[in-house]
Amino acid sequence: MDRQEIIRTALMGLIALGACGALAADTKSGPKEKCYGVAKAGQNDCAARGHNSCAGSSRVDNDPGAWKLVAKGTCLKMGGTLAPPKKT
């Protein structure tokens, strides 16, 4: 592993740690649940299987594989689902 790879890996770890901290802070405002298919482009809270690799990287609105944390009990009212889409 060369020096540039080590630096890149360390930076990616710090970014991931920051994203996890932001999610943890958000959950303190009350119970939350994962809601699939309601996130706007670039506003997903985690990876969408097969579409993107990290939070905030969804390229389309309402990607059925991307999820967003929402207040418990509001997902279905928003038109989302509580389960990820089945693999195709």
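The values are calculated or read from the model by the stated rules, or taken from the named source; none is laboratory data. Keep in mind that what you see is a predicted model, and the values were worked out from it rather than measured. Note that each Cβ is placed from the backbone with ideal geometry, even for glycine, and that neighbours are counted across all protein chains shown.
A few comments on the model shown:
- Residue within the stretch 1-10 that is more than 16 Å from the chain's Cα centre (by Cα), acidic (Asp, Glu) and either assigned to a loop (DSSP other than H, G, I, E, B) or at pLDDT 85 or above (or both) present: yes
- From the options ALA24, ALA16, residue that is more than 21 Å from MET78 (Cβ to Cβ) and at pLDDT below 65: ALA24
- Subset of the stretch 33-84 [polar (S, T, N, Q), in a loop (DSSP other than H, G, I, E, B) and at pLDDT 85 or above]: ASN62, THR74
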